[in-house]
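Chemist: Here you go, one structure.
The values are calculated or read from the model by the stated rules, or taken from the named source; none is laboratory data. Please read all numbers here as calculations on a predicted model, not as lab measurements. Cβ: placed from backbone, ideal geometry, glycine included. Neighbour counts: every protein chain shown.
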Amino acid sequence: MSQSDKAIITCAVTGVLTNPQQHPVPVTVEQMAAAAKEAFDAGATVMHLHYRRQEAGQGHLPTWEPKICSEITEAVREACPGVVINMSTGVMGADVSAPCEAMRALRPEIAACNAGTLNYLKARSNGNWAWPPLVFDNPVSKVQAMLDVMNEVGAMPEFECFDVGIVRSVGLYRATGMVTRAPHTNFVMGVASGMPTDPRLLKLLLDYKPEGSSWEVTAIGRQEIWALHRAAAELGGCLRTGVEDTFYLPNGERARGNGDLIEAMATLAREAGRAVTSPAETREILGLPAAA
């Protein structure tokens, strides 16, 4: 069974900072489980999880508290039998102790690993910065620290690549022995200072990912991202969407939540001639252990 025969769909369930008072993002344990179940029923077999604080009025903020992260993860697993957990690990700065502690508690099948440094920028139409310019710092020492814990807990690294040079860096991590198994490569496209959501670019990127690496696209934006998703489906990649990445369906309407977005993605996969995987098929294609 090859990756291109079947389409693995990941749901990016909530994201890191989106305010639940303004957008339909799940925050509580119950909301996360319900949102994941909607996505699972629509065809998603991988859940990319960020974790939010549970105190009243604090749900727009992230947490790495192992107890909270474990409660959310276990609720998602219970709601979605056999689902693959893909845990976010991204933090600013050199101290990775908090996500590493959470990783050891959760032991996810896949763990995201930001693979390089990016000037993280966005400008408004009035010429002002959308936020103060910042550097999303991911030097090699930080990547290595993350990979050490991923290796310890048996998690497959998913290298998140925001630019072409970062894609090429993943090959260097492989060549120097930093990562010993075929990683999963995630082309993050749509950040204003990173790679654009251009299907023409995607075809080129496939020539630069590590040989044997499974891959997917994270497309950030509005209705325009769906042409990129269609290209990913036609080129044989894994597929990803969710309210972390967009709130807009292919027809331009706003999605009610993750279920709508995953239904649209599953339809797109089938239009490309690909069936959507079951949890067991997802695990087999990605070389992950069977569900407990």
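Chemist: Would you check if residue 277 is surrounded by fewer than 19 Cβ atoms within 10 Å (Cβ to Cβ), farther than 15 Å from residue 25 by Cβ and among the β-branched types (Val, Ile, Thr)?
Modeler: No, not satisfied.
Chemist: Looking at the stretch 175-191 only, could you name the residues that are more than 18 Å from the chain's Cα centre (by Cα) and surrounded by fewer than 20 Cβ atoms within 10 Å (Cβ to Cβ)?
Modeler: Within the stretch 175-191, 175, 176, 177, 178, 180, 181 meet the criteria.
Chemist: Additional query: List every residue pair whose Cβ atoms lie under 8 Å apart, where the two residues are 6 or more positions apart in sequence or sit on different chains, the first residue falls within the stretch 191-218 and is farther than 14 Å from residue 159 by Cα, and the second residue, located anywhere, is acidic (Asp, Glu) and part of a loop (DSSP other than H, G, I, E, B).
Modeler: 194/163; 195/163
Chemist: Would you check if there is a residue in the stretch 133-142 being in contact with a strand residue (DSSP E or B) (Cβ under 9 Å, 6 or more places away or on another chain), farther than 30 Å from residue 292 by Cβ, in contact (Cβ under 8 Å) with a residue 60 or more places away in the chain and surrounded by fewer than 18 Cβ atoms within 10 Å (Cβ to Cβ)?
Modeler: No.
Chemist: Checking residue 48 against (1) assigned to a loop (DSSP other than H, G, I, E, B); (2) closer than 18 Å to residue 220 by Cα: exactly one of these is not met. Which one?
Modeler: Result: residue 48 passes all but (1).
Chemist: Yes or no: the stretch 105-113 includes at least one residue that is of a type in the set (Lys, Arg), at negative phi and in contact (Cβ under 8 Å) with a residue 24 or more places away in the chain.
Modeler: no
Chemist: While we're on this one: On the given criteria, is residue 252 assigned to a helix (DSSP H, G or I), without any contact (Cβ under 8 Å) to a residue 60 or more places away in the chain and either surrounded by fewer than 17 Cβ atoms within 10 Å (Cβ to Cβ) or under 18 Å from the mean Cα position of the chain (by Cα) (or both)?
Modeler: Judged against the criteria, residue 252 is not a match.
Chemist: Every residue in the stretch 1-36 that is in a loop (DSSP other than H, G, I, E, B), of a type in the set (Gly, Ala, Ser) and either surrounded by 15 or more Cβ atoms within 10 Å (Cβ to Cβ) or at pLDDT 95 or above (or both), please.
Modeler: The answer is 15, and nothing else.
Chemist: State whether the residues of the stretch 238-251 include one that is among the charged types (D, E, K, R) and either on the phi > 0 side of the Ramachandran plot or out of contact with any strand residue (DSSP E or B) (no Cβ under 6 Å at 6 or more places or on another chain) (or both).
Modeler: There is no residue in the stretch 238-251 that is among the charged types (D, E, K, R) and either on the phi > 0 side of the Ramachandran plot or out of contact with any strand residue (DSSP E or B) (no Cβ under 6 Å at 6 or more places or on another chain) (or both).
Chemist: Could you tell me which numbered condition residue 39 fails, if it satisfies all but one of (1) crowded, with 19+ Cβ neighbours inside 10 Å; (2) in a loop (DSSP other than H, G, I, E, B); (3) of a type outside the set (Asp, Glu)?
Modeler: (2)
Chemist: Then there is this: Determine, yes or no, whether residue 236 is more than 16 Å from the chain's Cα centre (by Cα), part of a loop (DSSP other than H, G, I, E, B) and more than 23 Å from residue 150 (Cβ to Cβ).
Modeler: yes
Chemist: Among the residues of the stretch 208-233 satisfying the criterion of being assigned to a loop (DSSP other than H, G, I, E, B) and touching a helix residue (DSSP H, G or I) at 6+ places or on another chain (Cβ under 8 Å), which is surrounded by the fewest Cβ atoms within 10 Å (Cβ to Cβ)?
Modeler: 208
Chemist: Applying the selection to the stretch 177-207, what residues are in contact with a helix residue (DSSP H, G or I) (Cβ under 9 Å, 6 or more places away or on another chain), of a type in the set (Ser, Thr, Tyr) and not in a strand (DSSP E or B)?
Modeler: 180, 197
Chemist: In addition: Name the residues in the stretch 44-61 that are touching a residue at least 12 places away in the same chain (Cβ under 8 Å) and farther than 17 Å from residue 85 by Cβ, would you?
Modeler: Correct list: 53, 54, 59, 60, 61.
Chemist: Something else: Right, residue 275: within 21 Å of residue 36 (Cα to Cα), hydrophobic (A, V, I, L, M, F, W, C) and touching a residue at least 12 places away in the same chain (Cβ under 8 Å) or not?
Modeler: Considered against the rule, which asks whether it is within 21 Å of residue 36 (Cα to Cα), hydrophobic (A, V, I, L, M, F, W, C) and touching a residue at least 12 places away in the same chain (Cβ under 8 Å), residue 275 comes out as yes.
Chemist: Restricting attention to the stretch 266-292, report how many residues are closer than 21 Å to residue 242 by Cα and either assigned to a loop (DSSP other than H, G, I, E, B) or among the small types (Gly, Ala, Ser) (or both).
Modeler: Matching residues across the stretch 266-292 total 7.
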